[in-house]
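Engineer: Structure incoming, see below.
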Amino acid sequence: MNVLRIINEPTAAAIAYGLDKKGSGEQNVLIYDMGGGTFDVSILTIEDGIFEDFKRKNRGKELAGNQRAIRRLRTQCERAKRTLSSSTQATIEIDSLFEGIDYSCSLSRARFEELCMDYFRNSMGPVEKALRDSGIDKKNIHELVLVGGSTRIPKVQTMIQEFFNGKEPNRTINPDEAVAFGAAVQAAILTGEGSSVVQDLLLLDVTFDIDANGILNVGASDKSTGKTNQITITNEKGRLSQAEIDRMVQEAEKFRGEDEAQKGKVEAKNGLENYCFTMRNTLNEEKLKEKFEAGDKEKIEAAVQECLDWLEKNQLAEKDEFEGKQKEMEGVVNPIMMKVYQAAGGGEGAEGGMPGGMGGAPGAGGAGGPTVEEVD
């Protein structure tokens, strides 16, 4: 191996995003690198291109001494974490996890965020320290680069964006590959490649032709070599008859009402759960802790816990029951939170400060919140 140059990870990430070529003036770039094993925050200046709840709920079994069970559980939890980056609900299912007992649970994005909130908040400390040490104000950061698989977590992205007053992070490259990508670009430059753009592109002329019988002909021609190839795809196998298609359409129409009802039930349940966890996190915000009148914070905490206990025992409740429970919660929470926000200055009223807004379903109306979808 011929080592041409050693560069650090933040520099490689910046090169991957092309920030070394973006503009001619001085740029301040914050690299937020959160992965499975490390967490680093770096600020670069570029100029002129230069998780005991388990024991209680699972038959009192103790997993601590069974490394195989713990390893399998961690693997499934990791998959659930990845799923929750793009979905609002994930299911963890493990056959015969421990002593022949199957394990299954459902985890919402709101619950995941509530479990990890301390970790998320702590991650902002190094960001503040990096800014202090560099002497750069956050408003003078020109680019935010997120590196590492954990930066795919929506809450992490939201917290970073809010910290920098709404500035959008740069997401144009896979965060798992950014460092390797940048190092490869630098190596290409050092070995004499003239550009970081891939040069050996093929210019292909591809044509698709489908006839009245549903037969597809695909042809491809390489313009540089003149080489051509063609394939014919027929529909003789695996096709449904028109009668089968009509029957499936009729069945879909027949069960549409049931599907819509189930979707509404799932949305109402997720909305209530999200409201509770968001409210619990709001209670711990530093800027609001001292604004509660005596007994008000404890009143909300008791209402949130009672609602979560009710949810745990009533997973199969109907939509109107979930909605009724949320209105009951809002009747307790909203008057208190209105006083709190007014005491905090009134500038963060119900529009954006209160979970889901006044009387709104948090899973559906919060700024930038995910669309709640049914998950089987």
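Engineer: Specify which of the listed residues (Ala268, Ala317, Ala302) is part of a loop (DSSP other than H, G, I, E, B) and outside the structural domain of Ser87 (by TED's automatic domain parsing). Break it down stepwise before answering.
Structural biologist: Values: Ala268 fails: part of a loop (DSSP other than H, G, I, E, B); Ala302 fails: part of a loop (DSSP other than H, G, I, E, B).
Exactly one of Ala268, Ala317, Ala302 is part of a loop (DSSP other than H, G, I, E, B) and outside the structural domain of Ser87 (by TED's automatic domain parsing), namely Ala317.
Engineer: Condition first: closer than 14 Å to Cys276 by Cα, within 28 Å of the chain's Cα centre (by Cα) and aliphatic (A, V, I, L, M). Now tell me which residues in segment 304-342 satisfy that.
Structural biologist: Answer for segment 304-342, where residues must be closer than 14 Å to Cys276 by Cα, within 28 Å of the chain's Cα centre (by Cα) and aliphatic (A, V, I, L, M): Val304, Leu308, Leu311, Met329, Val333, Met337.
Engineer: Okay, moving on. For Phe292, only one of the following conditions fails: (1) surrounded by 12 or more Cβ atoms within 10 Å (Cβ to Cβ); (2) in a helix (DSSP H, G or I). What is its number?
Structural biologist: (2)
Engineer: Looking at Asp211, Asp200, Asp205 in this structure, which one is at pLDDT below 70 and of a type outside the set (A, V, I, L, M)? Walk me through it before giving the result.
Structural biologist: On the way: Asp211 fails: at pLDDT below 70; Asp205 fails: at pLDDT below 70.
One residue alone meets the criteria, Asp200.
Engineer: Only residues in segment 95-124 that are more than 16 Å from Ile70 (Cα to Cα) count as the first member; pair them with residues that are modelled with pLDDT of 85 or more and outside any helix (DSSP H, G or I), Cβ under 6 angstrom, at least 6 apart or cross-chain, and list the lot.
Structural biologist: Partner pairs satisfying both residue conditions: Ser106/Thr91; Leu107/Ala90; Arg109/Leu84; Phe112/Leu84.
The rows are residues; the columns are (1) over 20 Å from the mean Cα position of the chain (by Cα); (2) surrounded by 17 or more Cβ atoms within 10 Å (Cβ to Cβ); (3) farther than 30 Å from Val29 by Cα; (4) outside the structural domain of Pro175 (by TED's automatic domain parsing).
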position: Leu73; (1), (2), (3), (4): yes, yes, yes, no
position: Arg79; (1), (2), (3), (4): no, no, yes, no
position: Thr83; (1), (2), (3), (4): no, yes, no, no
position: Thr91; (1), (2), (3), (4): no, no, yes, no
position: Ser96; (1), (2), (3), (4): yes, no, yes, no
position: Glu128; (1), (2), (3), (4): yes, no, no, no
position: Asp137; (1), (2), (3), (4): yes, no, no, no
position: Asn140; (1), (2), (3), (4): yes, no, no, no
position: Val156; (1), (2), (3), (4): no, yes, no, no
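Engineer: Looking at Gly353, Gly359, Gly347, which is the one that is within 23 Å of the chain's Cα centre (by Cα), part of a loop (DSSP other than H, G, I, E, B) and either modelled with pLDDT of 80 or more or outside the structural domain of Glu168 (by TED's automatic domain parsing) (or both)?
Structural biologist: Numbers: Gly359 fails: within 23 Å of the chain's Cα centre (by Cα); Gly347 fails: within 23 Å of the chain's Cα centre (by Cα).
Just a single option satisfies the conditions, and that option is Gly353.
Engineer: Of all residues in segment 57-71 being over 15 Å from Leu115 (Cβ atoms) and surrounded by fewer than 14 Cβ atoms within 10 Å (Cβ to Cβ), which is modelled with the lowest pLDDT?
Structural biologist: Arg59
Engineer: Further question on the same structure: Is it true that some residue in segment 171-187 is surrounded by fewer than 17 Cβ atoms within 10 Å (Cβ to Cβ) and aromatic (Phe, Trp, Tyr)? Outline the logic, then answer.
Structural biologist: Start the filter on segment 171-187 by keeping residues that are surrounded by fewer than 17 Cβ atoms within 10 Å (Cβ to Cβ), which leaves 171-172, 174, 176-177, 180, 184, 187.
The next check asks that each one be aromatic (Phe, Trp, Tyr); those that pass are none.
No, there is no match, as no residue in segment 171-187 is surrounded by fewer than 17 Cβ atoms within 10 Å (Cβ to Cβ) and aromatic (Phe, Trp, Tyr).
The values are calculated or read from the model by the stated rules, or taken from the named source; none is laboratory data. Predicted model, so just to flag it, every value in this text is computed and none were measured. So basically every Cβ, Gly included, is an ideal-geometry build from the backbone, and we count neighbours across all protein chains shown.
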